[in-house]
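Before any comments, here is the structure.
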Amino acid sequence: MGLAKMFPNSKIVAYDIDPLARQRTQEMASANQIRVGDRFELKEYCTANDLLGLDPTSRHLIFSDCEGFEGELFSVEVISHLSKSDFIIEVHDFEIPGLCDRLYAGFSATHLVELIKSIDDLYRYRYIEDPELLSLNLTDQIQLLAEKRPAQMEWLYCTSLPLGI
């Protein structure tokens, strides 16, 4: 919903295989006066073919958090097809070891790739700015902010390279 509100003239397509997540997304859209339809679509499942169906001459922003499916979704063919598009991909190496390295290499030919690492649960309190959270004791801050992931997470931020580079 944040992207739909930030970019009111853009088409947003959201995918989620979980019916409850789709229902909540529709509720969030309604609460934000965003109508599911022409400018905002909500679909169940995204495949490489969906991405290959995007116009390769246009610049798209692909934001992905698909719990390990990114290894299949972002094939060499998809990366090449969408070389003018930008990507933010949460990578799940704990699901598929080495996946981040493989995707990094795959995007590097056509994109400037930046690897962003999450902050470990134990140290997330150091970045609190909210006065209410800061008023809590350290143990409570750590417990409230913990994501309890099985590993430190990484994201690939891939921006298309200008022609001629």
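For LYS5, go through the lysines and keep the ones whose alpha-carbon is under 27 Å away, minus same-chain ones fewer than eight residues off.
Within the straight-line cut-off, LYS5 pairs with LYS43, LYS84, LYS117.
Among the trypsin sites (Lys or Arg not before Pro) within region 1-64, which fall in a DSSP loop and have no more than 13 other Cβ atoms within 10 Å of their own Cβ?
Hits after loop and neighbour filter: LYS11, ARG35, ARG59.
At 0.36 nm per residue, minus the direct Cα-Cα distance, what do ARG102 and ARG35 gain on full extension? Give it in nm, one decimal, please.
20.3 nm
Computed FRET efficiency, Cβ-Cβ of THR139 and THR57, R0 45 Å: what is it to the nearest 0.05?
Using R0 = 45 Å, I get an efficiency of 0.25.
Add +1 for every Lys or Arg and -1 for every Asp or Glu among the other residues with Cβ under 15 Å from the Cβ of LEU54, and state the total.
Counting the neighbours of LEU54, the net charge comes to -1.
Please calculate the 1.4 Å probe accessible area of GLU77, with all protein chains present, and give it to the nearest 10 Å².
Spelled out: GLU77, probe radius 1.4 Å, area about 120 Å².
How much length would be gained if the chain were fully extended between ASN9 and GLU95, taking 0.36 nm per residue of separation minus their Cα-Cα distance, in nm to one decimal?
Using 0.36 nm per residue and subtracting the Cα-Cα distance, I get 27.4 nm.
Considering only protein heavy atoms, what is the solvent-accessible area of TYR104 at a probe of 1.4 Å, reported in Å² to the nearest 10?
90
Give me the mean projected area, in nm² to one decimal, of the convex hull enclosing the Cα positions of region 104-165.
Mean projected area for region 104-165: 5.9 nm², to one decimal.
Which whole-number value in Å³ per residue fits the convex hull of the alpha carbons of region 1-87?
Considering the Cα atoms of region 1-87, their hull volume per residue is 95 Å³.
Relative contact order of region 58-116, please, whole-number percent, based on alpha carbon pairs below 8 angstrom and at least 6 residues apart.
39
Based on the Cβ-Cβ distance from ASP18 to ASP120, what FRET efficiency comes out when R0 is 25 Å, to the nearest 0.05?
0.40
Mind checking the full-extension length gain between ILE88 and MET28? Use 0.36 nm per residue of separation minus the Cα-Cα distance, one decimal, nm.
Using 0.36 nm per residue and subtracting the Cα-Cα distance, I get 19.4 nm.
Please go through region 26-69 and write out the chymotrypsin sites (Phe, Trp or Tyr not before Pro) that DSSP classes as loop and that have at most 10 other C-beta atoms within 10 Å.
Sparse-neighbourhood loop chymotrypsin sites (Phe, Trp or Tyr not before Pro): TYR45.
Quote the Stokes-Einstein diffusion coefficient, in whole µm² s⁻¹, for the chain, based on the Kirkwood radius over alpha carbon pairs, a temperature of 20 °C and a viscosity of 1.002 mPa s.
The diffusion coefficient I find is 119 µm²/s.
Could you give the accessible area per residue of region 61-102, probe 1.4 Å, as a whole number in Å²?
48
I need the calculated FRET efficiency for the pair ILE128 and THR47, taking r as the beta carbon distance and R₀ as 35 Å, to the nearest 0.05.
FRET efficiency, ILE128 to THR47: 0.35.
Below 13 angstrom from the Cβ of VAL113, what's the summed charge of the other residues (Lys, Arg +1; Asp, Glu -1)?
Neighbourhood net charge equals -3.
In whole percent, how big is the carbon plus sulfur part of the accessible area of the chain, probe 1.4 Å, protein atoms only?
54
The values are calculated or read from the model by the stated rules, or taken from the named source; none is laboratory data. Being a predicted model, the structure only gives us computed values, none of them experimental. Glycine gets a Cβ as well: all are built from the backbone with ideal geometry, and neighbour counts include every protein chain shown. Heavy atoms of the whole protein, side chains included, go into the accessibility calculation; ligands, DNA and RNA do not. Shrake-Rupley method; radii C 1.70, N 1.55, O 1.52, S 1.80 Å.
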